[in-house]
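Asks: What follows is a single structure, and I will ask about it in a moment.
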Amino acid sequence: MAEKIDHIGIAVRSIDDALSFYTEVLGLKLLGMEEVASQRVKVAFIQLGGSKLELLEPTAADSPIAQFIEKRGEGIHHVALGVKSIEERIRELEEEGVRMIDSAPRLGAAGAHIAFMHPKAAHGVLFELCEKKGEAHV
């Protein structure tokens, strides 16, 4: 079902404050930043081998990332699994009785189609399904 770990999402209060740790201390490469207005979040993608780290900064006090940070503090937010045919993967998971947050894909950062499984269905882990069309995506 999943081909790889596409990225690990990390909630941060400020990308500007956190970025130097990843780029200067760890020596990783910043691939790009963008704002995803529909999710009220600013993201920065950092290359780590064949996967990426995705820093997530809330752009609104009521955003899911802001609520996560308020409740749990900064840290790992989700694990994104790279998949093909995201609609088919969602259908298969729902047929297996897996509770989904998203029953249909939505647009995420870098033009990816994404859908989240409910963490209660995955022993407390928030998993994101992530399908990227083409090679131009971060």
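Since every read-out is calculated from the coordinates, none of them should be taken as a lab result. Everything numeric here is computed off the predicted structure, so don't read it as measured data. Glycine gets a Cβ as well: all are built from the backbone with ideal geometry, and neighbour counts include every protein chain shown.
Asks: For segment 60-111, which GluC sites (Glu not before Pro) are both in a DSSP coil and crowded by at most 10 other Cβ atoms within 10 Å? Walk me through the numbers before you get to the answer.
Replies: Values: sites: GLU70, GLU74, GLU87, GLU88, GLU92, GLU94, GLU95, GLU96; in loops: GLU74, GLU96.
Listed in order of number, the matching sites are GLU96.
Asks: Note down the relative contact order for the chain as a percent, whole number, built from C-alpha pairs under 8 angstrom at least six residues apart.
Replies: Numbers: 278 pairs, mean separation 34.3, N = 138.
Rounded, it is 25 percent for the chain.
Asks: Taking only Cα atoms, what is the 0 to 90° angle, nearest 10, from helix 86-95's long axis to the longest principal axis of the chain?
Replies: It is inclined by approximately 60 degrees.
Asks: Return the percentage of antiparallel bridges among DSSP beta bridges fully within the chain, rounded to the nearest 5 %.
Replies: 75
Asks: May I pose another question? At 0.36 nm per residue, minus the direct Cα-Cα distance, what do MET33 and ALA2 gain on full extension? Give it in nm, one decimal, please.
Replies: Once the chain is fully extended between MET33 and ALA2, it gains 8.6 nm.
Asks: Continuing with this model, one more query. Using a Förster distance of 35 angstrom, determine the FRET efficiency expected from the C-beta separation of VAL25 and GLU92, and round it to 0.05. All intermediate terms of the calculation are to be shown ahead of the outcome.
Replies: Values: r = 40 Å, r/R0 = 1.15.
The computed FRET efficiency comes out at 0.30.
Asks: Related question: To the nearest 500 deg cm²/dmol, what mean residue ellipticity at 222 nm is calculated for the chain from DSSP H runs of n ≥ 4 alone, each contributing -39,500 (n - 2.57), summed and divided by the residues?
Replies: On the way: 3 runs with 25 residues, N = 138.
Estimated from H runs of four or more residues: -5000 deg cm²/dmol.
Asks: Between ALA122 and SER14, what FRET efficiency follows from the Cβ-Cβ distance if R0 is 22 Å, with the result rounded to 0.05?
Replies: Efficiency, rounded to the nearest 0.05: 0.15.
Asks: Here is a further query. Quick one: Kirkwood hydrodynamic radius for the chain, alpha-carbon pairs, angstrom, one decimal?
Replies: Across the chain, the inverse of the average 1/r is 15.3 Å.
Asks: What do you get for trypsin sites (Lys or Arg not before Pro) in segment 41-129 restricted to DSSP loop and a cutoff of at most 15 other Cβ within 10 Å of the site's Cβ?
Replies: Working: sites: LYS42, LYS52, LYS71, ARG72, LYS84, ARG89, ARG91, ARG99, ARG106, LYS120; in loops: LYS84, ARG99.
Hits after loop and neighbour filter: LYS84, ARG99.
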